[in-house]
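Notes follow the structure.
The values are calculated or read from the model by the stated rules, or taken from the named source; none is laboratory data. Not measured: the values here are computed from a predicted model. Because the Cβ atoms are built from the backbone with ideal geometry, glycine has one as well, and the counts that use them run over all protein chains shown.
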Amino acid sequence: MANDTSQVLSQSTTTILQTSQRDARGRFIKREKDTETVPSVALDNKEHFVKVNIEPIKDQDSAQLPAKKSKIAVTKSPYFTPPISPAPSKKGPVTPKKRATSKLGPGAELKEGEKLPQPSPARPPRSPAGIISCIPFPSLLSSTFGLIQERLAHDPFRLLVAVTFLNRTHGKHAIPIFFKLMQAYPTPEALVAAPKEDIVAIIHHLGLQNQRATTYQNYARMWLEEPPAKHKRYPVRNYPFPENPDTPIKKSEVLTDNDPRTNAWEIGHIVQGPYALDSWRIFCRDILRGVATGWNGEGGAEGFQPEWMRVMPKDKELRAFLRWMWMKEGYEWDPETGEKDIAREYVVMAVEEGRIGWDERGGLRVLEEKVELPVVTM
């Protein structure tokens with residue numbers, strides 16, 4: 001059987017060599033199809049024929065290359081976005097630019113009209129991450145917290161103008177200019193009659209001076225034409241609650257105090273901003289309605305609850321102020337939910353020792369050391 005196999009293979013090899021053609025130099029000419037019909041040897045002694053592809057013979061010593069691995073699709077996480085690597089540039093690697101240096105070496109002299117290059121000013125160091133400055137609470141025995149609204153509670157018009165100043169500018173810049181404007185035009189009548197350019201000249205340091213001047217004069221004009229009055233409430237959209245589609249309020253409606261709908265206020269025809277509305281409700285509404293002689297319930301009936309106890313402001317200073325007010329009542333108040341708990345003894349003690357501060361979010365913090373209150377001039 002082995003002899004028959006070798007004989008068949010030798011015959012097939014001879015047939016392949018005989019049918020191969022050579023060129024003038026004796027080199028084999030490539031045929032269109034490198035296939036030959038070769039008889040195969042089977043155990044049943046019957047002859048079968050198969051097509052065999054003739055391929056170049058590989059060096060036995062050469063290592064066989066591993067098969068290419070199929071690409072696996074990258075699984076994307078629904079919880080985070082992986083960093084995107086920058087696409088390679090078609091222009092080749094980018095060489096970093098060298099900083100411009102002075103052409104003047106040691107001992108070199110300046111030419112006429114030439115100036116030395118000035119170094120760029122150094123940037124101020126940044127505060128460490130996670131550090132939030134705190135302003136300490138005043139003592140619970142103090143009569144004021146330090147807000148400008150406390151000082152203007154007796155003058156609702158000036159209070160509205162003041163909170164409009166504070167709505168876009170830091171208090172230390174806005175309050176002095178506010179008092180300068182009120183000194184020049186102390187009443188709504190004077191503010192309406194003032195030339196707009198004169199108001200702009202006073203407040204131009206704050207920016208947006210033309211828009212601000214128009215706003216202040218509009219406040220004064222509406223205050224004179226239709227001043228806030230008891231039993232006249234004007235709609236304010238989505239304040240303090242989202243609109244109720246079942247009980248909508250038309251823009252032209254004026255509600256009385258007997259109307260159960262809540263999103264309407266006595267100054268809703270003048271201002272619509274939540275900061276101004278919160279401030280006016282805390283310090284002015286009870287007096288306007290005649291239910292008390294002071295914003296903290298002074299002169300009210302027995303068991304009267306002042307308006308400030310129902311306000312839920314978003315402003316950090318008003319939140320801190322109301323937390324201080326509730327603590328004077330003996331409660332720790334949550335500005336997010338409005339819930340109250342009995343004030344803990346160590347928290348009250350920390351307030352008295354000057355170790356409670358409020359941060360940029362209106363949150364309270366117990367400090368390790370006493371922090372002196374900033375000096376505020378009003």
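Listed conditions (1) surrounded by fewer than 17 Cβ atoms within 10 Å (Cβ to Cβ); (2) of a type in the set (D, E, K, R); (3) at pLDDT 95 or above are all met by Glu243, apart from (3). Taking the range 192-220 as the range and being surrounded by fewer than 18 Cβ atoms within 10 Å (Cβ to Cβ), within 16 Å of Phe157 (Cα to Cα) and under 29 Å from the mean Cα position of the chain (by Cα) as the test, only Thr215 passes. Flag: Ile177 does not match the condition of being crowded, with 21+ Cβ neighbours inside 10 Å and either part of a loop (DSSP other than H, G, I, E, B) or without any contact (Cβ under 8 Å) to a residue 60 or more places away in the chain (or both). Say we look at the range 140-159 and pick out the residues that are over 20 Å from Arg319 (Cβ atoms) and surrounded by 14 or more Cβ atoms within 10 Å (Cβ to Cβ); which of these is farthest from the chain's Cα centre (by Cα)? Taking the candidates together, the pick is Asp155.
Across the range 132-189, what is the number of residues that are small (Gly, Ala, Ser) and in contact with a strand residue (DSSP E or B) (Cβ under 6 Å, 6 or more places away or on another chain)? The total comes to 0. Quick check on the range 368-378. Is at least one of its residues among the acidic types (Asp, Glu), modelled with pLDDT of 90 or more, outside any helix (DSSP H, G or I) and out of contact with any Pro (no Cβ under 8 Å at 6 or more places or on another chain)? No: the range 368-378 contains no residue that is among the acidic types (Asp, Glu), modelled with pLDDT of 90 or more, outside any helix (DSSP H, G or I) and out of contact with any Pro (no Cβ under 8 Å at 6 or more places or on another chain). Taking the criterion of being over 31 Å from the mean Cα position of the chain (by Cα), crowded, with 16+ Cβ neighbours inside 10 Å and in a loop (DSSP other than H, G, I, E, B), would at least one residue in the range 269-280 satisfy it? Looking for residues that are over 31 Å from the mean Cα position of the chain (by Cα), crowded, with 16+ Cβ neighbours inside 10 Å and in a loop (DSSP other than H, G, I, E, B), one finds at least one in the range 269-280, hence yes.
Answer yes or no: is there a residue in the range 132-147 that is of a type in the set (Val, Ile, Thr), modelled with pLDDT under 90 and assigned to a loop (DSSP other than H, G, I, E, B).
The initial filter retains those residues of the range 132-147 that are of a type in the set (Val, Ile, Thr), namely 132, 135, 144.
Now narrow it down to the ones that are modelled with pLDDT under 90: 132, 135.
Next, from what is left, pick out any that are assigned to a loop (DSSP other than H, G, I, E, B): 132.
Yes - at least one qualifying residue is present in the range 132-147.
Could you check how many residues of the range 227-239 are more than 27 Å from the chain's Cα centre (by Cα) and closer than 13 Å to Val271 by Cα?
From the range 227-239, those more than 27 Å from the chain's Cα centre (by Cα) are 227-235; that's our starting set.
Narrowing further to those that are closer than 13 Å to Val271 by Cα: 227-228, 233-235.
Total satisfying the criteria: 5.
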